[in-house]
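Everything below concerns the one structure shown next.
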Amino acid sequence: MAEIRFDGRVAVITGAGGGLGRSYALLLASRGAKVVVNDLGGSFDGVGADTRPAQLVVDEIKAAGGEAVPNYDSVSDWESAQKIIQTALDAFGKIDILINNAGILRDKSLIKMEIEDYKKVIAVHLDGTFFCTKAAFPHMRENNYGRIVSTASAAGVYGNFGQTNYGAAKLGIGGLMNCVKQEGAKYNILANTLVPVAGTRMTATVLPPNVVEKLKPEYVAPMVAWLVSEQCNVSGKFFVAGGGYFSRTAFVEGPGIFFDDPDSVTPEDIMEKIDAIMSLEGGSEYGSATEQTTHSLSHMKFD
Ligand code: NAD
C-alpha cells in the first residue's frame, strides 16, 4: 500500500493549539507537511487570547524534526483570517491544505441563550470557516491544487439539546463545503466536512472523564490526513470519525411522489400520501442542487 506523505505540501490548521487540531498538526508534520499552527488561545467559550498553545505545538513539531510556524490570529474576522493564510504564503510560499477546525462552545437552551452567545459561536465556526476558505481559495486555484476539510458536528447533522447556535453553525459549514466542492472541482480543490468525536477540553464540559480519556483526538486524525492527501478522490462528503469508528453520512432524498396537476393538490392529499412522501426507500444522494431539482421537476413539461 502506498504511504501517504505530505512532503512539499503546506497546511494551515486553525485552532491547532490543542485538542483535535493539534493531533492533525502533529500527524501531518510527521509525514512531511509544513504546517501553520493557528490558535487564538482563548478559553473553550471564546474568552481571552494566549500565544502559548500554538507556540507549544510548533515547538513539539520542531523537536520531532518537522517544520511549522505559529499564528495567533482569530479566524472570526475577515482581516485576521487573511493574516492566517498570509502566514503560510510568507513562511512557505503557498497553501495546499486548509483544515478549518477552530471552535468554541456557548451551550444554553434556546430560551436562555443570549444573542451574543449565538453571534459569537456563528462568528468563530461559520464565519471563521468562510473567511479562511475564501482567503485560501484563490491561491489553491492558482496552483490547481487544494484540500479543504471543515469541521461540522453531530449536533448540527442530527441535533443536540442546548446547541442551537452551534448546530446552526455546524450544519452551515456543511452547506458551505457543498458549494465550495462545486467551485473547486475544476481546479483540483476538494472540500469535505468532518463530523468528529473526541475527548478534548471542549467535550470535557459534557462527557464523563473516563469517556474523554478514552476518545483520543489522535483517533480522528487518520481520517483527516487521508482527506487532505493527494490520494483523496472525494469531495463534498461528510465523514464521521472518532474512537476507532469511521463512516460517512449524507443527505438522502426519497423518490417522492408526483402530482401531475399541482393546482389540484390539497392538504388532505398530503395527509393521505404522507407515508410515501416520508419514505426514503429507493432514495438518492444528489451531487448538486441542479441534480436534485432535475429529479423533482422531472414530471413537468416546460415550453
Ligand atoms: P478545543 O477547544 O480543544 O480546540 C478548539 C481550538 O480552537 C482551541 O485550541 C481554541 O483556542 C481554538 N480557537 C477558538 N476560537 C478561535 C478563533 N477565533 N481563532 C483561532 N482559534 C480559535 O476543542 P476540539 O474538541 O479539539 O474542537 C475542534 C473542532 O472540532 C471544533 O470545531 C469543534 O466544534 C469540533 N468538534 C469537536 C467534537 C469533539 O468531540 N471534540 C465534536 C464535534 C465537533
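The values are calculated or read from the model by the stated rules, or taken from the named source; none is laboratory data. In this text, all values refer to a predicted model and were calculated from it rather than measured experimentally. Reconstructed Cβ throughout: ideal geometry from the backbone, glycine too, with neighbour counts over all protein chains shown.
I'd like the full set of residues that are surrounded by 16 or more Cβ atoms within 10 Å (Cβ to Cβ), part of a helix (DSSP H, G or I) and not acidic (Asp, Glu), limited to the range 60-81.
Answer for the range 60-81, where residues must be surrounded by 16 or more Cβ atoms within 10 Å (Cβ to Cβ), part of a helix (DSSP H, G or I) and not acidic (Asp, Glu): Ile61, Ser80, Ala81.
Tell me which residues, restricted to the range 87-114, are within 15 Å of the ligand (Cβ to nearest atom) and touching a helix residue (DSSP H, G or I) at 6+ places or on another chain (Cβ under 9 Å).
Ala88, Leu98, Ile99, Asn100, Asn101, Ala102, Gly103, Ile104, Leu105, Arg106, Asp107
Of everything in the range 204-240, what is buried (at least 16 other Cβ atoms within 10 Å of the Cβ), near the ligand (Cβ under 10 Å from one of its atoms) and either at pLDDT below 95 or farther than 20 Å from Lys170 by Cα (or both)? Give them in sequence order.
Those that are buried (at least 16 other Cβ atoms within 10 Å of the Cβ), near the ligand (Cβ under 10 Å from one of its atoms) and either at pLDDT below 95 or farther than 20 Å from Lys170 by Cα (or both): Leu207, Val212, Leu215.
Which members of the range 43-71 meet the condition of being farther than 15 Å from Ile84 by Cβ, within 15 Å of the ligand (Cβ to nearest atom) and among the small types (Gly, Ala, Ser)?
Listed by number, the residues that qualify are Ser43, Gly46, Gly48.
Here is a list: Ser235, Ser229, Ser247. Which entry is more than 24 Å from Val121 (Cα to Cα), under 18 Å from the mean Cα position of the chain (by Cα) and in a strand (DSSP E or B)?
Step by step, each of Ser235, Ser229, Ser247 is checked, and only Ser247 is more than 24 Å from Val121 (Cα to Cα), under 18 Å from the mean Cα position of the chain (by Cα) and in a strand (DSSP E or B).
Name the helices (runs of 4 or more DSSP H) wholly within the range 120-189 that hold at least 2 residues that are more than 16 Å from the chain's Cα centre (by Cα) and in the same structural domain as Lys237 (by TED's automatic domain parsing)?
128-143, 164-184
Going residue by residue through the range 34-44, is there one that turns out to be touching an Asp or Glu at 6+ places or on another chain (Cβ under 9 Å), part of a helix (DSSP H, G or I) and at pLDDT 95 or above?
no
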